[in-house]
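These notes are about the structure you will find just below.
The values are calculated or read from the model by the stated rules, or taken from the named source; none is laboratory data. This structure is a prediction, so every number in the text was calculated from the model and none was measured. Here the Cβ positions follow ideal geometry from the backbone for every residue, glycine too, while neighbour counts run over all protein chains shown.
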Amino acid sequence: MILIFLIAILLLAGILAAVSARWSTQLPRWISLAAIAVNFVLTARIWAGRSLSASTTWYNEVDWNWVPDFGIHFHLAVDGLSFLMLILTFFLGIVAVLCSWTEIREKIGFFHFNLMWVLAGIVSVFLAMDLFLFYFAWELMLIPMYFLIVIWGHERRVYAATKFFLFTQCSGLLMLIAILALYFFHHQSTGVYTFEYSELLGTTLSSRAELAIMLGFFVAFAVKLPVVPVHTWLPDAHTEAPTAGSVILAGLLLKTGGYGLLRFVVPLFPRAAHQFTPVALTLAVIGIIYGAVMAFSQTDLKRLVAYTSVSHLGFVLLGIFSWNPLGLQGAIMTMICHGLSTGALFVLVGGLQERIHTRDLNRMGGLWALVPHMSASALFFSLASLGLPGLGDFVGEFLVLLGSYKVSVALTVIATLGILASTFYALRMMQRAFFGPNTNSWQLPDLTPREGLIMAVMVAGLLWLGFYPQPVLNTFAPAMDNLQRQVQMPAAVLRR
Amino acid sequence: MNVTDTLALLPLLLLAGTAIVVMLGIAVKRSYKLAAGLTLTGLAASFISVCAVAPLVPRQVTSLLLIDGYALFYLGLIIASSAAVAVLSYQYFAKHEGQREELYLLLVLATLGCGVLVTSVHFASFLLGLEVLSVSLYGMVAYFTGRGQALEAGIKYLILASASAAFLLFGMALIYAGTGTMAFSNLRNLSLGGSSLALLLPGIALSVTGIGFKLGVVPFHLWTPDVYQGAPAPVAAFVATTSKTAVVALLLRYLGAGTQESPAVFLLFSIIAIASMVAGNLLALRQNNVKRVLAYSSIAHFGYILVAFLAGTTMGAGAVAFYLVAYTVTILTAFGIVTVLSTAEADAADLEDYRGLFWRRPVLASVFTAVLFSLAGIPATMGFVGKFYILASGANASAWPLMIVLVLTSVIGLFYYLRIVVTLFSEAPERQSSMQRIEWGSAFVLGGLAVLLIGFGLYPAPLLTLIRATIGALN
């Protein structure tokens, strides 16, 4: 039941926020904060109350009949993987509410309604264990996100939001066909109509069908992640979205793609995924290099940060398709740390834009003297982003490279170049924006206490993940073992 | 024909009776309220009788009509949607001067025609139903004789419908010459082959012209945008939902098995389906008139329905039924919103009329957003479950090419639905357009439709059970 509450509280808070805006402009913000805080507590209770027996990896689950005619269940469950994603979701949710505290001045109620509902959609995606429910949540989280971009976005918001929606919807429908195909093939071999994840695992498929269905899933997650040929929505959507939207896009929506690959693509179609590995790894490396190069050549600060996401998420793909413990641990670490570091960078860029009303790097420069705290934070998160040892991103990317080294030395070497390239773009960004002469004679206020608090917490998080990542890895371990067990058998067949 | 047969026919008899009572009522005392009241009472009685006769079915009444679960399901849908149109019309036509009472007479007659279509298993009743429907629709489409667009739409519909009916008649003649029977059931059992094929296939092709015209599928779609635009909004709603529902229900009875037995028929409908999905969605892209967008999107939606029709089996029939309910609810809501926003001078059809609607009338705009998402097939709406059902039936029949076309074209469709959504949520214009008050009747209907739209989108199980119980009677 507690899992239902997680979603219901967010949905309810969204409605309350929308209604309460009539009486007060501050009330929606506090309601949203309170809802996420309650969810934090509930998640902690799930953690405390988890059963440690070996029989199940689920900490907690709910399973209701939903549409019996089709064998659809309302099945939510949480394991170590989902748990980590939930924590990240609520953490970034709070950041998103705080960072729009002064940025969003119009239509506050409806803004928080969408914010809460997009979080509810994301939570459902991370919890759904019925493929129909998963698809349902997958599509549903799009709509509030679309509204966030299209109503509160910047100049080209309609273009960006529509592009975002069309890309995800098209790939999502391909996934729906793949889900249905899997559903009917499962029925053919077993006589049971079901969308249940655990039952669909190990469905016998011809290798051609398996590859086709796997590709249907892969495309949907590749668009979200994003993988390079289908990434073009990302720079536009991230750039045009309001700060909170960018934080949620980069920090959470991209992670649903990684989560989908981890949870569904490889376990459901181990042989096809194995067959596909060389392609996926190559795409990952292309993404790492391409993202870095593109980031280097941007003059729009927000677009720059957006392209770094393409690069970082390439590591996630690399780690997942290496499919060994190191690679998987690296992928999950990268997902979490990227959420923090890139989320923080977006908050900073948003804060900067609120102050100087531009994102153009050419119009910045010499800001360090004016806003030392802000600049120092930016330096910190840039360093995190370029993979400085001691900060979380380094751990993630290092583990990924260790994992992929076992699979392909050549690709690992090229991917390492991507880390090198990240040094260039991160330092260029710092130089252009914060160092040098203040040619535009800006006069700005430094971080407000609210912004300072966001930064402090995120700094602490990245330091913790950088120096002592073990709790995260321990939490992930049982779930990872479980995922690997599902893949093991066919992989052994292939190795012969 | 015995007493039980008559009882089974009660829904149709009540509809016919209502038409007479409304006509006499108008003759005795010309009162708009009275005509509307009599119509709604008649429709309600007919709807109740649909539920009441359920235990008597299936029952063949003469060789023309078959009352079974399938027919009752569609009868219920038709009568309910017709009643919704009647309520929506009330506020709409109340704003207008002149003689408005006959509209209800025509509405009941058109509903009767639809009822005959869904129960017919014979070409004679097919043609009768179709003509009763068409003739009533001519009058309804051109009801505002003062408006040029309405007259144009009416004439267009009249000429094209007559032409297609002529094709249909010729097709029937060929089929009769080839098989010596006019009953659908004999046609279905007939293995298509031998010497009669030369007459039969052209006959089927010609009869498809008549059906395709009513459905507005490509290449018989040319009338759709003009009629939707020119007709009064509630009438357009009726054309879009009730009349099309009836024809689809008939098509399934008539050729449901034929597509499986004859590759030629399957190919014919595949081409129509693909052309409709592609053309409908592409043509809608550049429209700035909401009614025209709905017209083009309806072309595409009937392409989707044909995919389920082609998938065949009980699952395909179920998918068609669910999609029709979803489509009816969605389109009635859409036209309902157009209706309540319309003024006495003109319908609220221009996209600009909807700019910033959300900030002026949040509830109405939210419902309209739900409608557009339902048309686009986004979850939590009936349209999504419908599309899911169609894709499921397609996957069941391994109709992969059709499904891929469906998916790709519906992404194109998304583009123009989103354009309307953006308009709803963009900044309101300086000039505040006059606020139309919504009367309680329209509000009640719109609210109910919105609840259905979301309710069955979230929890479709009851409707699915009903469909399973009734549509199963088809095969």
Residues being within 12 Å of chain B (Cβ to nearest Cβ), crowded, with 24+ Cβ neighbours inside 10 Å and of a type outside the set (A, V, I, L, M, F, W, C) - total across region A:110-124
2
Residue check: is B:Ala428 within 11 Å of another protein chain (Cβ to nearest Cβ), over 21 Å from the mean Cα position of the chain (by Cα) and at pLDDT below 90?
no
So which helices (runs of 4 or more DSSP H) stay within region B:1-95 end to end and still have 1 or more residues that are touching a residue at least 60 places away in the same chain (Cβ under 8 Å) and touching a Gly at 6+ places or on another chain (Cβ under 6 Å)?
B:10-28, B:32-52, B:69-94
Test for A:Trp138: is it at pLDDT 90 or above and of a type in the set (A, V, I, L, M, F, W, C)
yes
Inspect all residues belonging to region A:388-404 and state whether any of them is at pLDDT 90 or above and surrounded by fewer than 20 Cβ atoms within 10 Å (Cβ to Cβ).
yes
For A:Ser375: the one exception among (1) farther than 29 Å from A:Phe91 by Cβ; (2) among the hydroxyl-bearing types (Ser, Thr, Tyr); (3) modelled with pLDDT under 90
(1)
Would you be able to say whether some residue in region A:62-71 is under 24 Å from the mean Cα position of the chain (by Cα), within 14 Å of chain B (Cβ to nearest Cβ) and either under 30 Å from B:Ile467 (Cβ atoms) or modelled with pLDDT of 90 or more (or both)?
no
So if I check each of B:Glu102, B:Glu97, which one is within 16 Å of B:Ser136 (Cβ to Cβ) and surrounded by fewer than 24 Cβ atoms within 10 Å (Cβ to Cβ)?
B:Glu102
Counting only residues that are part of a helix (DSSP H, G or I) and loosely packed, with under 13 Cβ neighbours inside 10 Å, which one in region A:482-496 is modelled with the highest pLDDT?
A:Arg485
Answer from A:Leu133, A:Leu148, A:Leu127 - the residue that is under 16 Å from A:Leu234 (Cα atoms), modelled with pLDDT of 90 or more and more than 8 Å from chain B (Cβ to nearest Cβ)
A:Leu148
Applying the selection to region B:114-126, what residues are surrounded by fewer than 24 Cβ atoms within 10 Å (Cβ to Cβ) and either at pLDDT 95 or above or within 24 Å of B:Met23 (Cα to Cα) (or both)?
B:Ser125
Collect the residues in region B:102-138 that are of a type in the set (Ser, Thr, Tyr) and within 30 Å of B:Val28 (Cα to Cα), keeping them in residue-number order.
B:Tyr104, B:Thr111, B:Ser134, B:Ser136, B:Tyr138
Taking the condition within 14 Å of chain B (Cβ to nearest Cβ), under 25 Å from the mean Cα position of the chain (by Cα) and modelled with pLDDT under 90, does A:Leu215 pass?
no
Tell me which residues, restricted to region A:156-193, are among the small types (Gly, Ala, Ser), at the interface with chain B (Cβ under 9 Å from one of its Cβ atoms) and farther than 16 Å from B:Ile378 by Cβ.
A:Ala181
With the condition kept exactly as written, say whether any residue in region A:176-189 is touching a residue at least 12 places away in the same chain (Cβ under 8 Å) and surrounded by fewer than 18 Cβ atoms within 10 Å (Cβ to Cβ).
yes
Given the options A:Gly351, A:Gly436, name the one that is more than 25 Å from the chain's Cα centre (by Cα) and more than 18 Å from A:Gly330 (Cα to Cα).
A:Gly436
Collect the residues in region B:255-298 that are touching a strand residue (DSSP E or B) at 6+ places or on another chain (Cβ under 9 Å) and surrounded by fewer than 24 Cβ atoms within 10 Å (Cβ to Cβ), keeping them in residue-number order.
B:Asn288, B:Asn289
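Here is a yes/no grid of residues against (1) in contact with a Leu (Cβ under 8 Å, 6 or more places away or on another chain); (2) under 30 Å from A:Arg363 (Cβ atoms); (3) assigned to a helix (DSSP H, G or I); (4) free of Cβ contacts under 8 Å to residues at least 40 places away in the same chain:
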residue	(1), (2), (3), (4)
A:Gly390	yes, no, no, no
A:Asp393	yes, yes, yes, no
A:Phe398	no, no, yes, no
A:Val407	yes, no, no, no
A:Leu411	yes, no, yes, no
A:Ala460	no, no, yes, yes
A:Val472	yes, no, yes, no
Considering only region A:50-69, I want to know if a residue exists there that is outside any loop (DSSP other than H, G, I, E, B) and within 23 Å of A:Gly251 (Cβ to Cβ).
no
